Amino acid sequence: MRKMDGKMKKLPKITEPESQNATAFRKQAEENALGKEATLPENLEAMSAEEIQQLLHELQVHQIELEMQKEELLRMHAELDAERTHYSDLYDLAPVGYYTISEKGLILEANLTAATLLGVARGALVKHLLTRFIFTKDRDIYYLHSKQLFETGEPQEFELRMINKDGSLFWAHLVATAVQTDETTPVCRVIINDITFHKLQAHEHEFTASLIELVNTPGDFRENMSDLAAALQGWSGCEAVGIRLRDEDDYPYYTTRGFAPEFVQAEKYLCAYGPDGKILHDGAGNPILECMCGNILCGRFDSAKPFFTASGSFWSNNTTALLANTTEADRQARTRNRCNGEGYESVALIPLRIGNQVFGLLQFNDRCTNRFTPDLVEHYERMADSLAISLSRRQAAEMLRETSDYLNRLIDYANAPIITWDTEYRITRFNHAFERLTGYTAEEVMGQDLSIFFPETSRDKSLNKIKATSLGEYWESVDIPIRCKDGVSRIVLWSSANIYAQDGKTLLATIAQGQDITDRMRAENDIRKMNADLEQRVIKRTAELEAVNKELLAFSYSVSHDLRAPLRSIDGFSRILLEDYQKNLDDKGKAFLEKVCKASQRMGLLIDDMLKLSKITQTELKREAVDLSVMIGVIAKEHQMSNPGRVFDVNIREGIMVKGDPHLINIAMENLVGNAFKFTGEKEHPKIEFGTIVRDGETACFIRDNGAGFEMAYVNKLFGAFQRLHTADEFPGTGIGLATVQRVINRHGGKIWAEGEKGKG
């Protein structure tokens, strides 16, 4: 062996591979070296020292090269492990979820984000169907795209709602791509993103706009509201949706979707009602609205409680737990608990509000728990605020339409003829009563000039009369002759009102009510003629009666004078006999003389009363203010004093004033009060009352007692002269008192009547 440059170069130490991969690499290299026999010398002994040295050098270079390749390979393996770890971290911690799904829908692999989205451990996902976590109503979306993916191989992109472990929904965006793991097993890889927030944000304006458009769709308002409830039910995914709208003091369900009829019937109204069927009110006069719906509608809420929002909404994902862990005070009102009783665990109540005015409520119910989130409830509130404006306008327009329809029906079917015309006096309304009056149909006169109804001879005069009297908002009634279709003239009394714009100045139209007074005016003319004739007859008859009365009065004075002389003799001689000859008289004779005295005295009173009765008609009537209360009090006091052994319970209402002749009224009151004292004489506790009552719309005075009374069958005889309902022995009198009272009252233009019951006054 020859030396090279006088020395042997030291070969680098060849180290053993430190890893399994290095060992496998060396083994492969040895096999490759043995396979290259042509490159090795056939006879090393025949080689010269220089050739051997050169061979060793080449071997040394090759060895170094192999070492360098080994180091590079190890470095590449380290980098590959790092990349694999990095990829695993990126896969698990990616902000989106990754699934590997079999053709049958089984989850084969999922990253941590995908498991977190569903709220379950990653291991619990594997070998489970993905549809288990998809909202029931959206599963058909998944089935359709899955079928297309595996049939066509085309990537699929779609959106649907998924359910996490606690039962709450979230919107997901899915991108699915088909892959082939081997020759026979196709799978798909799915990327999933939670797009709930963006979905709600994007969908809020679109859905709200569609709701507003639905509310404003022409047609039946109740049908539109039913469609609105259906849209809210489909969009929210809740089992049941209700809409309450204000109706006077209550907020009944206007429409519902998904609730049982029995539930709707029981919960339709919110007001508390008393035993009389009337709405109960609180101390401030506000109607008492029950349950949680009543809280939201009345603004009774505490935003510090987790089930109320700052905007005054209510929501719960577990009503059973809410009822178990709160009190009535916490919930602000007595709750009926029917929602929970029907199994609804998730309930949201959103007010429909404009400013501070709440006019309705949106209700979302579902039997599943955890259907709502704070973000979702806020979305409901924003949607409700936008919807409330349109809904209130449509409701107001609907109420206006209903009112207009109602008024139109009132006008069309009113018994009184009604017509309207514009500022140009063109007819714009003509009801059925006017059709019957004139013989024209509405189609014939609509748009025609008002003067079509006026006879030619009085047309200008009638129009000018209307124009002259219609300057204000309301104008005086005027009677104007009109010409009917058949040519017959009728006299119509027009009572009209002007209709102005909101500025109060711009005249829009005039509405007039007509009244056919033709027959009435004819009757009035006939009555005027009859009255004139009757007046002449009355004047003539009055003169005749005055002459007769004067003769009667003179006759009465003459008769009274002629009667008083013998009466005085009878009375005087009877008293002389009783006083001077009583010793010579037995008891029977004394009794006869006493009867003669009483009869002569009664005859004297009768003559006095007859003179008074005659004078009443002849007396000139005065009209002065008379305090009846004071007058009757004085008369009652005199009668009380004349009956010292009796105690009368007298009740007189103060301040009763009338106008009339004081002297005549006093005569009437003396008779009435005297009768009351006389006919209560036999009562153990006599009572007399004076006051007022309302009868036939007028105020009347009364004198009431609890005395003998009378039978109503004889009431017509009560005020007749010399008529007696009781015997003179029982209740002595002349029988002219009530006749005198009636004449005084009639003389003043008043009325008098009596009511009684035998033995009760």
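The values are calculated or read from the model by the stated rules, or taken from the named source; none is laboratory data. Bear in mind that the values here come from a model prediction, so they are computed numbers and not experimental data. Cβ placement follows ideal geometry from the backbone for every residue including glycine, while neighbour counts extend to all protein chains displayed. Accessible surface areas use protein heavy atoms only, side chains included; no ligands, DNA or RNA. Shrake-Rupley method; radii C 1.70, N 1.55, O 1.52, S 1.80 Å.
For this structure, a couple of remarks:
- In the stretch 651-703, residue most open to solvent (accessible area, probe 1.4 Å) [restricted to those that are closer than 20 Å to residue 623 by Cβ and part of a helix (DSSP H, G or I)]: 663
- Selection count, the stretch 636-650, where residues are surrounded by fewer than 18 Cβ atoms within 10 Å (Cβ to Cβ) and within 58 Å of the chain's Cα centre (by Cα): 1
- Any pair with Cβ under 8 angstrom, 6 or more apart, that starts in the stretch 738-759 at a residue that is of a type in the set (Lys, Arg) and ends at one that is in a loop (DSSP other than H, G, I, E, B) and open to solvent by 60 Å² or more (accessible area, probe 1.4 Å): 758/711
- So residue 414, is it at pLDDT below 85, under 30 Å from residue 490 (Cα atoms) and open to solvent by less than 70 Å² (accessible area, probe 1.4 Å): yes
- The numbered conditions (1) open to solvent by less than 80 Å² (accessible area, probe 1.4 Å); (2) closer than 30 Å to residue 222 by Cβ are all true for residue 401 except (1).
- Number of the exception - residue 456 against (1) surrounded by fewer than 16 Cβ atoms within 10 Å (Cβ to Cβ); (2) at pLDDT 85 or above: (2)
- Lone unmet requirement of (1) assigned to a loop (DSSP other than H, G, I, E, B); (2) open to solvent by 60 Å² or more (accessible area, probe 1.4 Å) for residue 372: (2)
- Answer residue from the stretch 192-206, given it is buried (at least 18 other Cβ atoms within 10 Å of the Cβ) and of a type outside the set (D, E, K, R) and is modelled with the highest pLDDT among those: 192
- Flag if residue 293 is out of contact with any helix residue (DSSP H, G or I) (no Cβ under 6 Å at 6 or more places or on another chain) and surrounded by 21 or more Cβ atoms within 10 Å (Cβ to Cβ): yes
To keep it simple, each residue is scored yes or no on (1) touching a residue at least 24 places away in the same chain (Cβ under 8 Å); (2) in a strand (DSSP E or B); (3) touching a His at 6+ places or on another chain (Cβ under 9 Å).
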residue: 141; (1), (2), (3): no, no, no
residue: 157; (1), (2), (3): no, yes, yes
residue: 162; (1), (2), (3): yes, yes, no
residue: 170; (1), (2), (3): yes, yes, no
residue: 175; (1), (2), (3): no, yes, no
residue: 212; (1), (2), (3): yes, no, no
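- Screening the stretch 426-450 for residues that are in a loop (DSSP other than H, G, I, E, B) and over 40 Å from the mean Cα position of the chain (by Cα) and picking the one that is surrounded by the fewest Cβ atoms within 10 Å (Cβ to Cβ) gives 439.
- Answer from 244, 189, 257, 222 - the residue that is surrounded by fewer than 18 Cβ atoms within 10 Å (Cβ to Cβ), within 30 Å of residue 340 (Cα to Cα), touching a strand residue (DSSP E or B) at 6+ places or on another chain (Cβ under 8 Å) and charged (D, E, K, R): 222
- Looking across the stretch 318-347, just one residue is in contact with a Phe, Trp or Tyr (Cβ under 8 Å, 6 or more places away or on another chain), touching a residue at least 60 places away in the same chain (Cβ under 8 Å) and open to solvent by less than 30 Å² (accessible area, probe 1.4 Å), and that is 346.
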